[in-house]
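Only one structure is covered here, and it is reproduced in the block below.
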Amino acid sequence: MTVNLLEFEKNGFAQFCAELGEKPFRARQLMRWIHQSGVDDFDAMTDMAKSLRVELKRTCEVRPPKVISDSTAGDGTRKWLLDVNAGNAIETVFIPERTRSTLCVSSQAGCALECTFCATGRQGFNRNLTLSEIIGQLWLANHSLAADGDERRVTNVVMMGMGEPLANFDNVVAAMQLMLDDNAYGLSRRRVTLSTSGLVPQMDRLGDACPVALAVSLHAPNDTLRDELVPINRKYPLKQLMAACLRYIEKAPRDFVTFEYVMLDGVNDTVAHARELIRLVSPVPCKINLIPFNPFPNSGYTRSSVPAIERFKDVLTTAGLIVTVRRTRGDDIDAACGQLAGRVQDKTRRRERRIEVAG
Ligand code: SAH
Ligand code: SF4
(Lines give C-alpha, C1' and ligand atoms only; values in the text may rest on other atoms or scores of the structure.)
(Ligands and ions follow the chains in the order given, each with its own letter.)
Protein backbone atom coordinates (compact mmCIF):
# COMPACT_ATOMS: atom_id res chain seq x y z
CA MET A 1 0.00 0.00 0.00
CA THR A 2 1.29 3.46 -0.80
CA VAL A 3 1.92 6.02 1.91
CA ASN A 4 -0.11 9.22 1.59
CA LEU A 5 2.38 12.00 2.36
CA LEU A 6 -0.47 14.37 3.25
CA GLU A 7 -1.02 12.14 6.27
CA PHE A 8 2.36 13.22 7.74
CA GLU A 9 2.54 15.77 10.48
CA LYS A 10 5.55 18.03 10.74
CA ASN A 11 7.76 15.46 12.43
CA GLY A 12 6.45 12.65 10.24
CA PHE A 13 8.58 13.82 7.33
CA ALA A 14 11.75 13.74 9.43
CA GLN A 15 10.96 10.27 10.75
CA PHE A 16 10.15 8.96 7.31
CA CYS A 17 13.37 10.32 5.79
CA ALA A 18 15.39 8.92 8.68
CA GLU A 19 13.89 5.50 8.02
CA LEU A 20 14.97 5.77 4.40
CA GLY A 21 18.49 6.65 5.61
CA GLU A 22 18.16 10.22 4.30
CA LYS A 23 19.52 13.36 5.95
CA PRO A 24 17.12 15.66 7.85
CA PHE A 25 17.36 18.39 5.20
CA ARG A 26 15.66 15.99 2.77
CA ALA A 27 12.61 16.04 5.01
CA ARG A 28 12.46 19.82 4.74
CA GLN A 29 12.90 19.64 0.97
CA LEU A 30 10.14 17.08 0.61
CA MET A 31 7.81 19.12 2.80
CA ARG A 32 8.53 22.23 0.74
CA TRP A 33 7.83 20.48 -2.56
CA ILE A 34 4.55 19.11 -1.35
CA HIS A 35 3.13 21.84 0.82
CA GLN A 36 4.88 25.01 -0.36
CA SER A 37 5.01 24.28 -4.08
CA GLY A 38 1.93 22.06 -4.23
CA VAL A 39 3.78 19.43 -6.27
CA ASP A 40 2.51 15.84 -6.37
CA ASP A 41 4.78 14.54 -9.12
CA PHE A 42 7.99 13.12 -7.65
CA ASP A 43 9.78 13.46 -11.00
CA ALA A 44 9.41 17.22 -10.69
CA MET A 45 11.37 17.29 -7.39
CA THR A 46 14.55 17.98 -9.29
CA ASP A 47 16.86 18.80 -6.40
CA MET A 48 16.44 15.34 -4.89
CA ALA A 49 18.63 12.41 -5.91
CA LYS A 50 17.17 10.30 -8.71
CA SER A 51 17.32 7.17 -6.56
CA LEU A 52 15.25 8.83 -3.84
CA ARG A 53 12.68 10.05 -6.36
CA VAL A 54 12.34 6.52 -7.70
CA GLU A 55 11.86 5.17 -4.18
CA LEU A 56 9.26 7.83 -3.37
CA LYS A 57 7.40 7.13 -6.56
CA ARG A 58 7.32 3.43 -5.73
CA THR A 59 6.11 3.79 -2.15
CA CYS A 60 4.32 7.14 -1.77
CA GLU A 61 1.70 9.44 -3.16
CA VAL A 62 0.15 12.83 -2.45
CA ARG A 63 -3.54 12.08 -2.17
CA PRO A 64 -6.05 14.81 -1.21
CA PRO A 65 -9.76 13.94 -0.97
CA LYS A 66 -11.43 13.37 -4.36
CA VAL A 67 -13.31 16.32 -5.85
CA ILE A 68 -17.00 15.61 -6.42
CA SER A 69 -17.82 19.10 -7.64
CA ASP A 70 -16.15 22.47 -8.00
CA SER A 71 -18.36 25.54 -8.39
CA THR A 72 -17.74 29.27 -8.47
CA ALA A 73 -20.31 31.84 -7.38
CA GLY A 74 -21.03 35.18 -9.01
CA ASP A 75 -18.88 36.94 -6.41
CA GLY A 76 -15.85 34.68 -7.05
CA THR A 77 -16.39 32.44 -4.02
CA ARG A 78 -15.43 28.89 -4.99
CA LYS A 79 -16.67 25.75 -3.31
CA TRP A 80 -15.32 22.25 -3.57
CA LEU A 81 -17.42 19.29 -2.52
CA LEU A 82 -15.01 16.53 -1.52
CA ASP A 83 -15.52 12.81 -1.15
CA VAL A 84 -14.28 11.47 2.17
CA ASN A 85 -15.49 7.90 1.57
CA ALA A 86 -18.45 5.79 2.60
CA GLY A 87 -21.01 8.22 1.24
CA ASN A 88 -19.63 11.17 3.20
CA ALA A 89 -18.78 14.49 1.64
CA ILE A 90 -17.35 17.69 3.06
CA GLU A 91 -17.06 21.22 1.76
CA THR A 92 -14.19 23.68 1.41
CA VAL A 93 -14.79 27.29 0.45
CA PHE A 94 -12.32 29.74 -1.11
CA ILE A 95 -13.21 33.39 -0.47
CA PRO A 96 -11.15 35.86 -2.50
CA GLU A 97 -10.95 39.51 -1.45
CA ARG A 98 -8.89 42.40 -2.73
CA THR A 99 -5.95 41.97 -0.38
CA ARG A 100 -6.32 38.42 0.84
CA SER A 101 -7.80 35.04 0.01
CA THR A 102 -9.36 33.03 2.79
CA LEU A 103 -10.01 29.30 2.80
CA CYS A 104 -12.78 27.97 5.02
CA VAL A 105 -11.74 24.46 6.05
CA SER A 106 -13.88 21.60 7.41
CA SER A 107 -12.75 19.45 10.33
CA GLN A 108 -15.45 16.76 10.60
CA ALA A 109 -18.01 15.02 8.38
CA GLY A 110 -21.13 16.37 10.07
CA CYS A 111 -21.11 17.65 13.63
CA ALA A 112 -22.37 16.18 16.89
CA LEU A 113 -23.13 19.46 18.64
CA GLU A 114 -26.54 20.12 17.14
CA CYS A 115 -26.69 23.90 17.20
CA THR A 116 -30.27 24.51 16.14
CA PHE A 117 -29.56 27.10 13.39
CA CYS A 118 -26.77 25.16 11.65
CA ALA A 119 -27.22 22.90 8.60
CA THR A 120 -24.18 20.81 9.51
CA GLY A 121 -25.51 20.27 13.04
CA ARG A 122 -28.85 19.17 11.64
CA GLN A 123 -27.30 16.31 9.69
CA GLY A 124 -25.64 14.73 12.70
CA PHE A 125 -22.12 13.46 13.19
CA ASN A 126 -20.39 10.96 11.02
CA ARG A 127 -16.68 11.04 11.78
CA ASN A 128 -13.55 13.09 12.36
CA LEU A 129 -11.51 13.99 9.31
CA THR A 130 -7.98 12.63 9.09
CA LEU A 131 -4.95 14.90 8.85
CA SER A 132 -4.70 14.33 5.08
CA GLU A 133 -8.36 15.23 4.65
CA ILE A 134 -7.89 18.49 6.59
CA ILE A 135 -4.55 19.69 5.21
CA GLY A 136 -5.58 18.18 1.85
CA GLN A 137 -8.23 20.91 1.57
CA LEU A 138 -5.56 23.63 1.69
CA TRP A 139 -3.22 21.64 -0.56
CA LEU A 140 -6.01 21.16 -3.08
CA ALA A 141 -7.07 24.81 -3.11
CA ASN A 142 -3.53 26.05 -3.78
CA HIS A 143 -2.85 23.26 -6.25
CA SER A 144 -6.05 24.01 -8.19
CA LEU A 145 -5.25 27.73 -8.32
CA ALA A 146 -1.75 26.98 -9.62
CA ALA A 147 -3.07 24.48 -12.16
CA ASP A 148 -5.47 27.15 -13.46
CA GLY A 149 -2.55 29.55 -13.94
CA ASP A 150 -4.02 31.72 -11.16
CA GLU A 151 -1.34 33.56 -9.18
CA ARG A 152 -3.42 33.83 -6.05
CA ARG A 153 -2.80 31.48 -3.14
CA VAL A 154 -4.57 31.03 0.18
CA THR A 155 -3.32 33.74 2.56
CA ASN A 156 -5.69 33.06 5.48
CA VAL A 157 -7.37 29.98 6.85
CA VAL A 158 -10.50 29.86 8.96
CA MET A 159 -11.42 26.57 10.61
CA MET A 160 -15.09 27.41 10.12
CA GLY A 161 -16.30 24.79 7.70
CA MET A 162 -18.21 21.70 8.68
CA GLY A 163 -17.66 20.32 12.15
CA GLU A 164 -16.37 21.42 15.54
CA PRO A 165 -12.59 21.65 15.12
CA LEU A 166 -11.79 21.24 18.82
CA ALA A 167 -13.71 17.95 18.87
CA ASN A 168 -11.07 16.64 16.42
CA PHE A 169 -8.23 18.18 18.39
CA ASP A 170 -5.13 16.17 17.41
CA ASN A 171 -5.72 16.15 13.66
CA VAL A 172 -6.76 19.80 13.59
CA VAL A 173 -3.69 20.90 15.57
CA ALA A 174 -1.38 18.79 13.37
CA ALA A 175 -2.93 20.41 10.29
CA MET A 176 -2.62 23.93 11.73
CA GLN A 177 1.02 23.28 12.64
CA LEU A 178 1.68 22.57 8.96
CA MET A 179 -0.21 25.75 8.03
CA LEU A 180 2.15 27.74 10.29
CA ASP A 181 5.39 25.96 9.32
CA ASP A 182 7.81 27.93 7.15
CA ASN A 183 8.62 24.79 5.17
CA ALA A 184 4.93 24.20 4.50
CA TYR A 185 2.41 27.06 4.19
CA GLY A 186 4.19 29.66 6.33
CA LEU A 187 1.03 31.43 7.46
CA SER A 188 1.40 33.62 10.52
CA ARG A 189 -0.44 32.65 13.69
CA ARG A 190 -2.87 35.52 13.23
CA ARG A 191 -3.83 34.41 9.73
CA VAL A 192 -5.17 31.10 10.97
CA THR A 193 -8.44 31.33 12.90
CA LEU A 194 -10.13 28.51 14.73
CA SER A 195 -13.81 28.86 15.49
CA THR A 196 -15.29 26.87 18.35
CA SER A 197 -18.71 26.58 19.85
CA GLY A 198 -16.98 26.54 23.23
CA LEU A 199 -15.29 23.28 24.23
CA VAL A 200 -13.63 24.71 27.32
CA PRO A 201 -10.96 22.07 28.15
CA GLN A 202 -9.81 21.93 24.53
CA MET A 203 -9.61 25.74 24.37
CA ASP A 204 -7.05 25.58 27.18
CA ARG A 205 -5.11 22.86 25.38
CA LEU A 206 -5.17 24.84 22.15
CA GLY A 207 -3.66 27.88 23.88
CA ASP A 208 -0.67 25.73 24.85
CA ALA A 209 -0.33 23.60 21.70
CA CYS A 210 -1.03 26.05 18.89
CA PRO A 211 -2.26 29.53 19.88
CA VAL A 212 -3.88 30.62 16.63
CA ALA A 213 -6.51 33.37 16.45
CA LEU A 214 -9.62 32.30 18.32
CA ALA A 215 -13.24 32.84 17.36
CA VAL A 216 -15.98 31.76 19.74
CA SER A 217 -19.53 31.13 18.58
CA LEU A 218 -21.51 32.96 21.22
CA HIS A 219 -24.89 33.60 19.56
CA ALA A 220 -26.71 34.35 22.82
CA PRO A 221 -26.02 36.70 25.74
CA ASN A 222 -27.39 34.47 28.52
CA ASP A 223 -27.39 30.80 29.48
CA THR A 224 -31.11 30.25 29.00
CA LEU A 225 -31.04 31.22 25.34
CA ARG A 226 -27.60 29.74 24.66
CA ASP A 227 -28.65 26.40 26.17
CA GLU A 228 -31.28 26.30 23.46
CA LEU A 229 -29.28 27.55 20.44
CA VAL A 230 -25.87 26.04 21.24
CA PRO A 231 -26.62 22.94 23.34
CA ILE A 232 -22.96 22.41 24.36
CA ASN A 233 -23.62 25.42 26.63
CA ARG A 234 -25.38 23.05 29.04
CA LYS A 235 -22.02 21.38 29.59
CA TYR A 236 -19.82 24.51 29.48
CA PRO A 237 -21.99 27.48 30.46
CA LEU A 238 -21.09 31.11 29.79
CA LYS A 239 -19.23 31.72 33.04
CA GLN A 240 -16.80 28.90 32.24
CA LEU A 241 -16.61 29.90 28.59
CA MET A 242 -15.76 33.53 29.33
CA ALA A 243 -13.11 32.47 31.84
CA ALA A 244 -11.57 30.19 29.20
CA CYS A 245 -11.50 33.09 26.72
CA LEU A 246 -9.62 35.21 29.25
CA ARG A 247 -7.11 32.42 29.90
CA TYR A 248 -6.58 32.03 26.15
CA ILE A 249 -5.87 35.72 25.69
CA GLU A 250 -3.51 35.83 28.65
CA LYS A 251 -1.28 33.37 26.80
CA ALA A 252 -1.18 35.66 23.78
CA PRO A 253 -1.25 39.25 24.97
CA ARG A 254 -2.19 41.86 22.35
CA ASP A 255 -4.59 39.31 20.82
CA PHE A 256 -8.36 39.42 21.04
CA VAL A 257 -11.17 36.92 20.80
CA THR A 258 -13.70 37.26 18.00
CA PHE A 259 -17.19 36.56 19.27
CA GLU A 260 -19.49 35.35 16.53
CA TYR A 261 -23.16 36.13 16.87
CA VAL A 262 -25.67 34.84 14.35
CA MET A 263 -28.56 37.26 13.84
CA LEU A 264 -31.85 35.37 14.15
CA ASP A 265 -35.02 37.36 13.65
CA GLY A 266 -36.95 37.77 16.89
CA VAL A 267 -34.75 35.27 18.74
CA ASN A 268 -31.53 37.00 19.83
CA ASP A 269 -31.54 40.35 18.02
CA THR A 270 -33.26 42.89 20.30
CA VAL A 271 -31.71 45.93 21.96
CA ALA A 272 -32.09 44.17 25.31
CA HIS A 273 -30.00 41.27 23.98
CA ALA A 274 -27.36 43.73 22.77
CA ARG A 275 -27.17 45.35 26.23
CA GLU A 276 -26.84 41.95 27.87
CA LEU A 277 -24.11 41.03 25.40
CA ILE A 278 -22.13 44.16 26.28
CA ARG A 279 -22.11 43.19 29.96
CA LEU A 280 -21.16 39.61 29.15
CA VAL A 281 -18.14 40.33 26.97
CA SER A 282 -16.85 43.44 28.76
CA PRO A 283 -14.01 41.66 30.64
CA VAL A 284 -12.58 40.08 27.45
CA PRO A 285 -10.48 41.93 24.83
CA CYS A 286 -12.66 41.17 21.82
CA LYS A 287 -14.28 41.99 18.54
CA ILE A 288 -17.85 41.08 17.71
CA ASN A 289 -18.75 39.60 14.35
CA LEU A 290 -22.45 39.66 13.56
CA ILE A 291 -23.42 36.97 11.07
CA PRO A 292 -26.75 37.44 9.29
CA PHE A 293 -28.42 34.03 9.50
CA ASN A 294 -28.06 31.99 6.30
CA PRO A 295 -31.25 30.06 5.68
CA PHE A 296 -31.51 26.39 4.73
CA PRO A 297 -34.60 24.23 4.17
CA ASN A 298 -36.76 23.64 7.28
CA SER A 299 -34.44 25.60 9.54
CA GLY A 300 -37.35 27.24 11.33
CA TYR A 301 -35.43 30.54 11.56
CA THR A 302 -35.32 33.73 9.54
CA ARG A 303 -32.58 36.29 9.17
CA SER A 304 -32.84 39.48 11.20
CA SER A 305 -33.84 42.50 9.15
CA VAL A 306 -31.18 44.96 8.04
CA PRO A 307 -32.50 47.70 10.41
CA ALA A 308 -32.50 45.20 13.31
CA ILE A 309 -28.87 44.29 12.59
CA GLU A 310 -27.90 47.96 12.27
CA ARG A 311 -29.64 48.81 15.55
CA PHE A 312 -27.97 45.92 17.34
CA LYS A 313 -24.61 46.97 15.95
CA ASP A 314 -25.13 50.61 16.99
CA VAL A 315 -25.87 49.67 20.57
CA LEU A 316 -22.63 47.65 20.75
CA THR A 317 -20.54 50.28 18.97
CA THR A 318 -21.85 53.04 21.23
CA ALA A 319 -20.61 51.01 24.18
CA GLY A 320 -17.13 51.04 22.63
CA LEU A 321 -17.08 47.56 21.12
CA ILE A 322 -15.53 46.85 17.73
CA VAL A 323 -18.24 45.30 15.58
CA THR A 324 -18.25 43.92 12.04
CA VAL A 325 -21.18 42.53 10.11
CA ARG A 326 -20.19 39.53 8.01
CA ARG A 327 -20.89 40.01 4.35
CA THR A 328 -22.59 36.91 3.05
CA ARG A 329 -20.49 35.35 0.32
CA GLY A 330 -21.24 32.58 -2.11
CA ASP A 331 -24.87 32.16 -1.11
CA ASP A 332 -25.86 31.38 -4.70
CA ILE A 333 -23.85 28.14 -4.41
CA ASP A 334 -24.87 27.43 -0.78
CA ALA A 335 -21.36 28.21 0.39
CA ALA A 336 -22.24 30.68 3.15
CA CYS A 337 -21.69 29.99 6.87
CA GLY A 338 -23.92 27.32 8.25
CA GLN A 339 -25.10 26.19 4.82
CA LEU A 340 -22.37 23.64 4.38
CA ALA A 341 -24.09 20.34 4.31
CA GLY A 342 -22.05 18.02 2.15
CA ARG A 343 -23.69 14.66 1.96
CA VAL A 344 -23.42 12.82 5.18
CA GLN A 345 -24.85 9.37 5.19
CA ASP A 346 -27.98 9.68 7.20
CA LYS A 347 -28.16 7.77 10.42
CA THR A 348 -31.47 6.08 9.68
CA ARG A 349 -30.09 4.55 6.51
CA ARG A 350 -27.05 3.29 8.38
CA ARG A 351 -29.27 1.69 10.96
CA GLU A 352 -31.31 0.01 8.26
CA ARG A 353 -28.17 -1.34 6.69
CA ARG A 354 -26.97 -2.72 10.02
CA ILE A 355 -30.28 -4.48 10.43
CA GLU A 356 -29.93 -5.92 6.93
CA VAL A 357 -26.43 -7.14 7.73
CA ALA A 358 -27.51 -8.58 11.06
CA GLY A 359 -30.50 -10.24 9.44
N1 SAH B 1 -18.19 24.43 14.74
C2 SAH B 1 -17.53 25.66 14.80
C3 SAH B 1 -17.07 26.20 13.45
C4 SAH B 1 -17.96 26.02 12.26
S5 SAH B 1 -19.31 27.06 11.98
C6 SAH B 1 -18.38 26.68 15.49
O7 SAH B 1 -19.55 26.42 15.72
O8 SAH B 1 -17.85 27.73 15.83
C9 SAH B 1 -18.71 28.71 11.67
C10 SAH B 1 -19.69 29.78 12.16
O11 SAH B 1 -20.92 29.80 11.40
C12 SAH B 1 -20.09 29.55 13.59
O13 SAH B 1 -20.07 30.75 14.31
C14 SAH B 1 -21.50 29.04 13.45
O15 SAH B 1 -22.24 29.19 14.61
C16 SAH B 1 -22.02 29.88 12.29
N17 SAH B 1 -23.23 29.36 11.68
C18 SAH B 1 -23.72 28.10 11.72
N19 SAH B 1 -24.88 28.02 11.05
C20 SAH B 1 -25.14 29.26 10.55
C21 SAH B 1 -26.18 29.80 9.73
N22 SAH B 1 -27.17 29.04 9.27
N23 SAH B 1 -26.10 31.09 9.40
C24 SAH B 1 -25.08 31.85 9.82
N25 SAH B 1 -24.07 31.40 10.58
C26 SAH B 1 -24.09 30.11 10.95
FE1 SF4 C 1 -21.33 22.08 14.91
FE2 SF4 C 1 -20.47 24.62 14.72
FE3 SF4 C 1 -22.71 23.80 13.43
FE4 SF4 C 1 -22.71 24.03 16.10
S5 SF4 C 1 -22.44 25.70 14.60
S6 SF4 C 1 -23.55 22.32 14.93
S7 SF4 C 1 -20.64 23.38 16.60
S8 SF4 C 1 -20.63 23.11 13.05
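The values are calculated or read from the model by the stated rules, or taken from the named source; none is laboratory data. Computed from a prediction, not measured in an experiment: that's the story for all the values here. Positions of Cβ are backbone-derived with ideal geometry, glycine not excepted, and every protein chain shown enters the neighbour counts. Each accessible area value is taken on the protein alone, full model and side chains, heavy atoms only, with ligands, DNA and RNA left out. Shrake-Rupley method; radii C 1.70, N 1.55, O 1.52, S 1.80 Å.
Right, L103: within 30 Å of R303 (Cα to Cα), touching a helix residue (DSSP H, G or I) at 6+ places or on another chain (Cβ under 6 Å) and within 13 Å of ligand 1 (Cβ to nearest atom) or not?
So L103 does not fit the description; no.
Would you check if there is a residue in region 139-150 being at pLDDT 95 or above, touching a Leu at 6+ places or on another chain (Cβ under 9 Å), among the aliphatic types (A, V, I, L, M) and away from ligand 1 (no atom under 16 Å from the Cβ)?
yes
The rows are residues; the columns are (1) under 21 Å from E133 (Cβ atoms); (2) surrounded by 11 or more Cβ atoms within 10 Å (Cβ to Cβ).
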{"position": "K10", "(1), (2)": "yes, yes"}
{"position": "A14", "(1), (2)": "no, yes"}
{"position": "C17", "(1), (2)": "no, yes"}
{"position": "F25", "(1), (2)": "no, no"}
{"position": "I34", "(1), (2)": "yes, yes"}
{"position": "V62", "(1), (2)": "yes, yes"}
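Quick one: count up the residues across region 36-60 that are of a type in the set (F, W, Y) and either in contact with a strand residue (DSSP E or B) (Cβ under 6 Å, 6 or more places away or on another chain) or open to solvent by 40 Å² or more (accessible area, probe 1.4 Å) (or both).
Final tally of qualifying residues: 0.
How many residues, within region 209-218, are open to solvent by 10 Å² or more (accessible area, probe 1.4 Å) and within 16 Å of ligand 2 (Cβ to nearest atom)?
Matching residues across region 209-218 total 1.
Residues to consider are L206, L225; find the one that is surrounded by fewer than 21 Cβ atoms within 10 Å (Cβ to Cβ), closer than 26 Å to R326 by Cα and within 16 Å of ligand 2 (Cβ to nearest atom).
Just one listed residue meets the conditions, L225.
Within region 259-271, does at least one residue satisfy the condition of being in a helix (DSSP H, G or I), at pLDDT 95 or above and over 23 Å from the mean Cα position of the chain (by Cα)?
Looking for residues that are in a helix (DSSP H, G or I), at pLDDT 95 or above and over 23 Å from the mean Cα position of the chain (by Cα), one finds at least one in region 259-271, hence yes.
Can you run down the residue pairs with Cβ atoms below 8 Å, 6 or more apart or on separate chains, where the first is in region 45-61 and within 15 Å of M31 (Cα to Cα) and the partner is of a type in the set (K, R)?
Close Cβ pairs (under 8 Å, with a partner that is of a type in the set (K, R)) amount to M45/R53; M48/R26; L52/R26.
Out of curiosity, is R26 basic (K, R) and touching a Phe, Trp or Tyr at 6+ places or on another chain (Cβ under 9 Å)?
So R26 fits the description; yes.
Regarding region 172-188, can at least one residue be identified that is in contact (Cβ under 8 Å) with a residue 60 or more places away in the chain, open to solvent by less than 10 Å² (accessible area, probe 1.4 Å), more than 12 Å from ligand 2 (Cβ to nearest atom) and β-branched (V, I, T)?
Yes, there is a match, as at least one residue in region 172-188 is in contact (Cβ under 8 Å) with a residue 60 or more places away in the chain, open to solvent by less than 10 Å² (accessible area, probe 1.4 Å), more than 12 Å from ligand 2 (Cβ to nearest atom) and β-branched (V, I, T).
May I ask you to list the residues in region 228-241 that are within 16 Å of ligand 1 (Cβ to nearest atom) and either open to solvent by less than 60 Å² (accessible area, probe 1.4 Å) or under 22 Å from Q202 (Cβ atoms) (or both)?
L229, V230, P231, I232, N233, R234, K235, Y236, L238, L241
Which pairs turn up if I take residues in region 193-208 that are farther than 15 Å from L238 by Cα and look for partners that are away from ligand 1 (no atom under 13 Å from the Cβ) and among the basic types (K, R) with beta carbon separation below 7 Å, at least 6 apart in sequence or on another chain?
Pairs found: D204/R247; G207/R247; G207/K251.
Hand me the list of strands (runs of 3 or more DSSP E) wholly inside region 73-164 holding 1 or more residues that are open to solvent by 40 Å² or more (accessible area, probe 1.4 Å) and either touching a residue at least 12 places away in the same chain (Cβ under 8 Å) or away from ligand 2 (no atom under 12 Å from the Cβ) (or both).
78-83, 125-128
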